[in-house]
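The structure appears below as structure tokens.
The values are calculated or read from the model by the stated rules, or taken from the named source; none is laboratory data. These numbers were taken from a predicted model, which means no experiment stands behind them. For accessibility, only protein heavy atoms count, side chains too; no ligands or nucleic acids. Shrake-Rupley method; radii C 1.70, N 1.55, O 1.52, S 1.80 Å.
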Amino acid sequence: MGTFGTGVFDNDGALDFVCELVSQLTDKIHTCLEEGSADLDEEGDAVLLPAVAVISLLAKNCHAAPPDLEVIYSWRDRYLAIYDQQIDELDPDPGYKAERRQVVEATFEDLVTLAKMFAEE
């Protein structure tokens, strides 16, 4: 086993484990977006957006490689289109729509920032 350091995620096995988690989350995001009937309330808020946030956590805290920027941008653009298309159907409280969209954008932007940092390494 190759060891890089004393930290929890500083060895090959731990990095393989984290990489598998990112892969599973990435597959889940693709599934949510590819089903053609992507639902903001069910797949979006319940699965897709949390998966993006968890990938960011793994990249930030566990040395996980984030997806390529093009992939993240594609997810973001597709999800925001779904959001814009479906949010009014949920009859949100005043102010919620704009505030929630900012949260969605910030969630993707966190992952974009991490992917850019990873690409520079």
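Summary table
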quantity	calculated
Alpha carbon convex hull of region 1-65, projected area averaged over orientations, nm²	4.5 nm²
Using distinct alpha-carbon pairs, which all enter the 1/r mean, Kirkwood radius of region 40-90 in Å	11.9 Å
With every protein chain in place, the chain: carbon and sulfur % of accessible area (1.4 Å)	52 percent
Average accessible area per residue (Å²) across the chain - probe 1.4 Å, nucleic acids and ligands excluded	60 Å²
Value of Rg/Rh across region 60-120 [Cα atoms, Kirkwood radius]	1.08
Label assignment, percent of Cα pairs over 25 Å apart derived from the structure, set (1) 37; (2) 29; (3) 22	(2)
